[in-house]
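**Student:** I have a structure I would like to understand better, so I am pasting it below and will then ask my questions one at a time.
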Amino acid sequence: MGPISIELLPNRLLLDGNFEGYKLSLKEIPIKRRDLSTPVDRILLNSSQYTLLHTKLYGLHNHLIGDHFDDTNSVYFIDSDWNVCKTYLDSFSNEVAEPIIVWQIPKSEERKTGDYNVTLKFTDENTAVIADGTGIMYIVNTGLRRDDDVFTALFSDKVIGSDEGFVIQDAVSKKTQSHKEELHVLALNIKQNTLEGHFSTFLYWVTFVKEDSQWHQVAIKQLHAKGDVQYCSLQKDCNAVYVVSEGGCKFTINSDYLVKKDDNETGNVEGRDTHKTYNWTQNFEDITIKFPLPENLNKESVNVESKATEVDIRYNETKLLSGQLYQRIDSHLTTWAVENNCLEIVLYKSEAGLMWPELVKGDQAGEYIVDPSIVQEAQERLGHLSSDTEASPQTGTTFNSQQVEECDFETDKVTTFERLQGTTNNVTHRAHLGSHQVLMTANLNPDLPLALGVRHDVDVCLWQPQGCGDDFSISHEGTLLAFGYVSASKRNRKFCVCPPDMSYSAVCESSGHLFIYRQKRPISTTVLKNRTTGRKVDNIAEQQVVNISNEEITGIYATNKILYLLTASSVKALKL
């Protein structure tokens with residue numbers, strides 16, 4: 001049985017079709033700054049790390065860590081001496097506190113080419129995991145973090161390989177039915193196939209158990225992603241892992257449950273399926289499906305039935321393809337022919353111009369091949385964005401609300417959300433996100449995985465995945481109005497964030513500017529009216545711009561009232 005296909009349908013009550021935009025506010029935002037005596041630890045790319053995977057992993061690394069289990073709004077960072085430092089905005093002095101060193105990471109060996117930045121993740125009120133980037137992971141007892149207790153190391157070892165570094169993506173503490181303490185860590189690294197030279201992303205799901213006050217590693221699972229991993233998180237009961245990637249993800253190693261050869265195609269490092277039963281391609285009007293058939297076939301044995309939303313294709317009563325189509329078709333226009341032992345079927349879309357991310361919902365037996373005409377048309381439509389010559393002035397209107405933007409065009413890279421179960425090694429649920437990427441993640445509830453923000457029209461919808469056992473759901477929890485549009489206009493954006501209450505969102509450039517978008521809130525001090533319609537305005541959404549003078553932003557963390565920024569030599573707190 002294939003994975004359950006999930007369609008992400010936004011809650012209409014959380015959308016606002018009448019949103020008129022953000023009004024620029026010149027109100028000053030109080031900013032408090034604390035200079036650092038020791039600079040922030042940071043690894044930059046070298047000449048051997050030239051892929052997009054490396055660029056995103058290193059260049060977009062957030063060096064400022066928040067603590068979702070502590071309501072004091074403290075933040076942490078690692079300095080160049082490998083000290084774990086803690087600071088916060090003091091409520092009494094209204095200043096950023098002098099950083100407190102809560103632990104120093106041991107330097108067991110010198111860094112080498114290919115090592116990663118240090119990562120820190122809090123798992124509960126008194127436990128954290130730290131990866132030093134060289135391959136060693138630490139489990140530490142943090143004590144009462146509210147009281148600035150010093151960390152104590154409980155475990156340290158190379159958990160995924162003797163020479164493999166990694167970064168921690170997620171970590172979850174849980175208690176089993178036998179009241180044993182378990183710790184599950186999700187790590188990530190990038191490795192190269194030495195034969196073909198390609199780089200791939202690998203995830204490692206490592207399990208620890210506490211016995212006699214000592215932590216022991218008991219299991220490891222490895223997953224291989226075909227493309228860039230935009231989001232990954234553990235289900236809170238540690239029964240499954242959630243992954244958003246461009247090419248799908250699958251288990252390759254599971255020390256608890258054997259990965260079958262059908263699930264893991266040996267020798268196929270790029271993850272490309274080598275025994276697909278058919279291939280399909282599409283343009284804006286129709287879809288072409290091709291099935292290889294045996295020699296000396298009997299055309300009378302071919303049976304093709306199509307309905308508006310379903311298709312059933314058989315040969316000698318053998319099912320070739322059957323199920324619900326991704327979108328509607330004009331079934332009376334369906335044609336098919338057999339030539340050179342190949343069955344070719346053409347389906348005509350009811351809604352021309354819509355590109356399908358999949359043919360039959362949940363079916364994985366077909367290989368999608370990009371139509372070269374689509375690529376050529378995309379280049380023609382977007383050619384003006386990279387033209388070497390200046391475009392001549394045009395008469396008439398200077399803006400067309402219907403024109404296609406580069407960020408709006410559907411590319412051949414389809415982003416997919418998948419839930420992979422750790423006991424069966426299978427994908428149980430799948431949701432197609434189209435060509436839109438995950439713009440941000442947000443911790444809306446500390447008892448649930450991170451929510452992911454995906455563009456919907458001009459907005460960004462925040463989707464909350466949650467599951468227990470085999471049950472799974474993903475719900476629309478909130479909307480950042482017009483944030484998809486405004487973030488796409490920021491070509492130099494580095495970080496996008498929002499706080500748990502979703503009262504504002506922020507786009508941070510690597511240096512130069514910070515853009516804050518406050519969501520609609522009631523107006524109580526004055527009466528505003530729309531100049532065009534005369535209608536009274538009861539709510540207003542505001543945009544504020546903060547200039548960052550010649551300092552590169554290396555980290556950001558958003559709370560409901562404070563937005564923290566980290567540079568190489570300072571911590572800033574913006575009171576919102």
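The values are calculated or read from the model by the stated rules, or taken from the named source; none is laboratory data. Owing to the predicted nature of the structure, the values given are computational and were not obtained by experimental measurement. Quick reminder, even Gly has a Cβ in these numbers, built from the backbone with ideal geometry, and neighbours come from all protein chains shown. For accessibility, only protein heavy atoms count, side chains too; no ligands or nucleic acids. Shrake-Rupley method; radii C 1.70, N 1.55, O 1.52, S 1.80 Å.
**Student:** Can you list the aspartates and glutamates whose alpha carbon sits under 15 Å from that of residue 191, skipping same-chain ones fewer than 8 residues off?
**Tutor:** 115, 163, 164, 228, 270
**Student:** Could I ask something else about it? Between residue 256 and residues 5 or more places away or on another chain, which pairs have amide H atoms under 5 Å apart, with H built 1.01 Å from N, and which residues are they?
**Tutor:** Amide H neighbours of residue 256, under 5 Å, 5+ apart: 220.
**Student:** Continuing with the same structure: Arranged from highest to lowest average of other beta-carbon atoms within 10 Å per residue, in what order do the peptides 130-137, 234-241, 66-73 appear? Before the final figure, lay out each step's value.
**Tutor:** Details: 130-137: 22.4, 234-241: 20.4, 66-73: 15.9.
Most protected by this proxy first, the peptides run 130-137, 234-241, 66-73.
**Student:** Just checking my list (1) 21, 58, 20, 1; (2) 18, 49, 28, 5, 0; (3) 21, 53, 22, 4 against P(r) over Cα pairs in 20 Å bins from 0, in percent computed from this structure; which label fits?
**Tutor:** Working out P(r) over Cα pairs in 20 Å bins from 0, in percent from the coordinates points to (2).
**Student:** Would you compute, from DSSP H runs of 4+ residues alone, the mean residue ellipticity of the chain at 222 nm, taking -39500 (n - 2.57) per run and dividing by the full residue count, rounded to the nearest 500? Please list the in-between numbers first.
**Tutor:** On the way: 3 runs with 25 residues, N = 576.
That comes out to -1000 deg cm²/dmol.
**Student:** In addition: Going from most exposed to least, what order do 518, 12 have by accessible area with a 1.4 Å probe? Display every interim value, and only then the final one.
**Tutor:** Numbers: 518 30, 12 185 Å².
Sorted by accessible area, descending: 12, 518.
**Student:** So what does residue 485 come to for accessible area, using a 1.4 Å probe and Å² rounded to 10?
**Tutor:** For residue 485, solvent-accessible area is about 100 Å².
**Student:** Could you list which residues have their amide H under 5 Å from that of residue 444, counting only those 5 or more apart in sequence or on another chain, with H placed in the peptide plane?
**Tutor:** Placed amide hydrogens put 451 under 5 Å from residue 444.
**Student:** Follow-up. If you average the sequence gap of Cα pairs under 8 Å that are 6 or more apart and divide by the length of the chain, what percent do you get for the contact order? If you can, show how the numbers build up before the last one.
**Tutor:** On the way: 1236 pairs, mean separation 80.2, N = 576.
Once divided by the residue count of the chain, the mean separation gives 14 percent.
**Student:** Right, something else. Could you pull out every residue, at least 5 positions away or on a different chain, whose amide H is within less than 5 Å of the one on residue 169? Hs are placed 1.01 Å off N in the peptide plane, and Pro or chain starts have none.
**Tutor:** 186, 187, 188
**Student:** May I ask you to order 153-163, 423-433, 173-183 by the average number of other C-beta atoms within 10 Å around their residues, highest value first? Please report the intermediate quantities before stating the final value.
**Tutor:** On the way: 153-163: 14.6, 423-433: 18.7, 173-183: 12.5.
Put in order of decreasing packing, that is 423-433, 153-163, 173-183.
**Student:** Taking 8 Å as the Cα distance limit and 6 or more residues as the minimum spacing, I'd like the relative contact order of segment 1-102 as a percentage.
**Tutor:** Working: 92 pairs, mean separation 21.6, N = 102.
RCO, segment 1-102: 21 percent.
**Student:** I've got another one for you. Excluding residues on the same chain fewer than 8 positions from residue 210, give the lysines whose Cα lies under 20 Å from its Cα.
**Tutor:** Within reach: 121, 158, 174, 175, 180, 221, 236.
**Student:** Follow-up question, since we're still on this one. Below 8 Å between Cα atoms, with a sequence gap of 6+, how large is the relative contact order for segment 167-224 in percent? Spell out each step's value before the answer.
**Tutor:** Working: 113 pairs, mean separation 15.6, N = 58.
Relative contact order comes out at 27 percent.
**Student:** Angle between the Cα long axis of helix 372-382 and the longest principal axis of the chain, 0 to 90 degrees, nearest 10?
**Tutor:** It is inclined by approximately 50 degrees.
**Student:** Between residue 112 and residue 51, what is the label-point separation in nm under the 7 Å Cα-to-beta-carbon projection?
**Tutor:** Once both label points are built, they end up 2.0 nm from each other.
**Student:** Can you give the Rg to Rh ratio of segment 1-151, both from alpha-carbon atoms, with Rh computed by the Kirkwood formula?
**Tutor:** Values: Rg = 20.4 Å, Rh = 19.0 Å.
So for segment 1-151, dividing Rg by the Kirkwood Rh gives 1.07.
**Student:** Additional query: Can you compute 3J(HN,Hα) from phi for each residue in segment 423-440, using the Karplus curve 6.51 cos²θ - 1.76 cosθ + 1.60 with θ = phi - 60°, rounded to whole Hz and x for Gly and Pro?
**Tutor:** Listing the rounded values in order: 9, 10, 6, 10, 7, 9, 9, 9, 10, 8, 9, x, 9, 7, 8, 6, 7, 7 Hz.
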